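The next block holds one structure in the form of structure tokens; read it before the comments.
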Amino acid sequence: HVGVFDLYNTTAHWFADYGHFGETAGRRFQRLCAENEVPVRIAGNPYDSEPMGVQRTATLLDLLADCERSDMGVLCETRAEPGLTYRTRTSRYNTPIGLALTKAALTPGFRPTADDQTVHNDVTVTRRGGSSARAADEGHIVRHGRYDEQVTVDVESDGRLLILAEWLRHLGTIEAVRYPRISVDLHADPDLIPAWLGCDIGSRITI
């Protein structure tokens, strides 16, 4: 590989030589977009995200997807302007309420669905070029059957795999129904419009 710099930067050389090993997912996402002149918005602290392993040789979109999958964040298009937005996993912890609704503000048809779209109770997480770890909820498997999930990540070390597998297993075995659609009657309650427009992917809505 050949790297071209406008000034001598030992730190930049070192990180590039070692494939940016240990770089956090948010910072890697930010750097890759800057290198490819893609406008980017990071929701959350890019340094407070999952440490990554060696950056592999792949397309830009594949590398950005590696960041999203390893950090368990959210990658989407920026709504207000051309570009990409990355929301780190930690930015979604204890988020403030973006929109508070009552049932009276909803249009008819608000009802849960009892599907298994997000169920996974036997999760194996594999580090590319490394080991793997498995987390299963045997009680949930007995009650609902086995739902396998295989995930490949590019995290810094094998020591992170069991933690990530346990977290995914937890998310996939929450005993709750899913509400696939929320429609708000803004004509009936126009005071909700500013908060509604302020919501984005990952915003917290309560009912």
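The values are calculated or read from the model by the stated rules, or taken from the named source; none is laboratory data. Quantities reported herein were computed from a predicted structural model and do not represent experimental measurements. Note that each Cβ is placed from the backbone with ideal geometry, even for glycine, and that neighbours are counted across all protein chains shown. Note: areas computed on protein heavy atoms with side chains; ligands, DNA, RNA excluded. Shrake-Rupley method; radii C 1.70, N 1.55, O 1.52, S 1.80 Å.
Remarks
- Overall form of the chain per C-alpha gyration tensor (a/c, 1.5; a/b vs b/c): oblate
- Low-density loop cleavage sites - trypsin sites (Lys or Arg not before Pro) in the range 107-202, where at most 14 other Cβ are within 10 Å (DSSP): Arg128, Arg146, Arg181
- Each label was represented as a point 7 Å from its Cα along the Cα-to-Cβ direction; for Arg204 and Ile182 these points are 1.2 nm apart.
- Taking the protein heavy atoms of the range 48-167 in the context of the full set of protein chains, the accessible area attributed to carbon and sulfur is 51 percent at 1.4 Å.
- Cβ charges +1 (Lys, Arg) and -1 (Asp, Glu), total dipole of the range 59-153, debye: 300
- Beta bridges per DSSP, both residues in the range 37-105: antiparallel share near 50 percent.
- Length-normalised contact order for the range 8-114 - Cα pairs under 8 Å, 6+ apart - percent: 26
- Structural descriptor for the range 29-79: relative contact order 35 percent, calculated from alpha carbon pairs under 8 angstrom and at least 6 residues apart.
- Probing with 1.4 Å while keeping every protein chain in the model, the per residue accessible area of the chain equals 62 Å².
- Computed label-point distance, nm, for sites Leu60 and Ala114 using a 7 Å Cα→Cβ extension: 4.7
- Probe 1.4 Å - accessible area at Val119, Å² to nearest ten: 40
- Dividing the helix sum by the residues of the chain, where each DSSP H run of 4 or more adds -39500 (n - 2.57), gives a mean residue ellipticity at 222 nm of -7500 deg cm²/dmol.
- Cβ-derived FRET efficiency at R0 45 Å, Cys76 paired with Val2, nearest 0.05: 0.85
- Restricting the range 42-93 to trypsin sites (Lys or Arg not before Pro) that sit in a DSSP loop and have at most 14 other Cβ atoms within 10 Å of their own Cβ leaves Arg56, Arg79.
- Residues in the range 42-75 reached by a label modelled at Thr152 [backbone nitrogen below 19 Å; 7 Å Cα→Cβ]: 52-73
- When Glu166, Glu175, Glu50, Glu77 are compared by accessible surface with a 1.4 Å probe, the order from highest to lowest is Glu77, Glu175, Glu166, Glu50.
- Put simply, the amide H of Phe21, placed in the peptide plane, has neighbours under 5 Å in Gln55, leaving out anything fewer than 5 places away on its chain.
- Magnitude of the charge dipole for the chain, about its Cα centre and with charges confined to Cβ atoms of Lys, Arg (+1) and Asp, Glu (-1), is about 360 debye.
- Sequence-separation-based contact order of the chain, relative, with Cα cut under 8 Å and 6+ spacing, percent: 22
- Springs join every pair of Cα atoms under 10 Å in this Gaussian network model of the chain, and among Val40, Val125, Val155 the largest mean-square fluctuation is at Val40.
- Dipole orientation for the chain: of the candidates His144, Tyr93, Val74, His144 has the Cα lying most toward the positive pole (charges on Cβ; Lys, Arg +1; Asp, Glu -1).
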